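The values are calculated or read from the model by the stated rules, or taken from the named source; none is laboratory data. Computed from a prediction, not measured in an experiment: that's the story for all the values here. Here the Cβ positions follow ideal geometry from the backbone for every residue, glycine too, while neighbour counts run over all protein chains shown.
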Amino acid sequence: MRSAKLERGTRETRITVAANVDGEGRSSVRTGVRFLDHMLNSLATHSLIDLELKGKGDLQHHIVEDAALALGQALKKALGNRAGIRRFGQAIVPMDDALAIAAIDLVRRPYASVELQLKRTMLEDAPREDLEHFFASLATALEATIHVKVLAGRNDHHKFEAAVKAFSLAFREAIAMDPRRSRRPPTSKGVM
């Protein structure tokens, strides 16, 4: 079973996370930022990872950022040396008026290109800039290349949720075991 537990503690936040990438999509998330909780529960549901994440901290910005960093660290740990995985994943997700695409490479080179086309300053109880920063923090800690783009939409809630769902489906594809790879790293270099 590919799973990991960790705690990230700073002077600003305390985040605990347990992730099982071979799960069924069960989740229990409580950060105090309701929209973030909703999005992380959606991420678990659609990626089929089991996720427990609890967080508290001084500022909302720090909670969102450190939740992404802790989640990325836990997923990185759960994936180990990444041998036998498909490595690449992509998805396109429509959600009402919104349309989002995501592409992932679990290559161990952190990079994030995020274009969410959000207009409102706040999405429910979360600042737009914190949510935009979430994917970059996740990519850094996970050591992955992540592209997430919203192609269409009028409702910012729908746009961000479509982006999270597209990421989730792309991640699910990238972490899937490839039976033809026989536990070898998915790279011509021999090591990820």
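Answer yes if at least one residue in the range 131-144 is of a type in the set (G, A, S), under 24 Å from L51 (Cα atoms) and over 17 Å from the mean Cα position of the chain (by Cα), and no otherwise. Spell out how you get there, then give the answer.
Filtering the range 131-144 for residues of a type in the set (G, A, S) gives 136-137, 139, 141, 144.
Filter once more, keeping what is under 24 Å from L51 (Cα atoms): 136-137, 139, 141, 144.
Within this subset, residues satisfying the condition of being over 17 Å from the mean Cα position of the chain (by Cα) are none.
No; the residues of the range 131-144 include none that is of a type in the set (G, A, S), under 24 Å from L51 (Cα atoms) and over 17 Å from the mean Cα position of the chain (by Cα).
Within the range 116-144, being in a helix (DSSP H, G or I) and farther than 19 Å from H46 by Cβ holds for R128, E129, D130, E132, H133, A136, S137, T140, A141.
Exactly one residue among A4, A70 is closer than 24 Å to M192 by Cα, part of a strand (DSSP E or B) and not hydroxyl-bearing (S, T, Y), and that residue is A4.
Taken over the range 47-88, the criterion of being of a type in the set (A, V, I, L, M), modelled with pLDDT under 95 and under 17 Å from E12 (Cα atoms) is satisfied by L59 alone. Given the structure, is G153 more than 23 Å from V64 (Cα to Cα) and in contact with a helix residue (DSSP H, G or I) (Cβ under 6 Å, 6 or more places away or on another chain)? Considered against the rule, which asks whether it is more than 23 Å from V64 (Cα to Cα) and in contact with a helix residue (DSSP H, G or I) (Cβ under 6 Å, 6 or more places away or on another chain), G153 comes out as yes.
Go through the residues of the range 7-22 one by one and say whether even a single one is of a type in the set (D, E), over 28 Å from V191 (Cβ atoms), buried (at least 22 other Cβ atoms within 10 Å of the Cβ) and in contact with a helix residue (DSSP H, G or I) (Cβ under 9 Å, 6 or more places away or on another chain). Taking every residue of the range 7-22 in turn, none turns out to be of a type in the set (D, E), over 28 Å from V191 (Cβ atoms), buried (at least 22 other Cβ atoms within 10 Å of the Cβ) and in contact with a helix residue (DSSP H, G or I) (Cβ under 9 Å, 6 or more places away or on another chain). Any residue in the range 46-55 that is touching a Pro at 6+ places or on another chain (Cβ under 9 Å) and in a loop (DSSP other than H, G, I, E, B)? Looking for residues that are touching a Pro at 6+ places or on another chain (Cβ under 9 Å) and in a loop (DSSP other than H, G, I, E, B), one finds none in the range 46-55, hence no. The criterion of at least 2 residues that are of a type outside the set (D, E) and exposed (fewer than 15 other Cβ atoms within 10 Å of the Cβ) is met by the following strands (runs of 3 or more DSSP E) wholly inside the range 75-115: 111-115.
Tell me whether the range 124-132 contains one or more residues that are in contact with a Gly (Cβ under 6 Å, 6 or more places away or on another chain), in contact (Cβ under 8 Å) with a residue 12 or more places away in the chain and not hydroxyl-bearing (S, T, Y). Working first, answer last.
Looking only at the range 124-132, we keep the residues that are in contact with a Gly (Cβ under 6 Å, 6 or more places away or on another chain), and these are none.
There is no residue in the range 124-132 that is in contact with a Gly (Cβ under 6 Å, 6 or more places away or on another chain), in contact (Cβ under 8 Å) with a residue 12 or more places away in the chain and not hydroxyl-bearing (S, T, Y).
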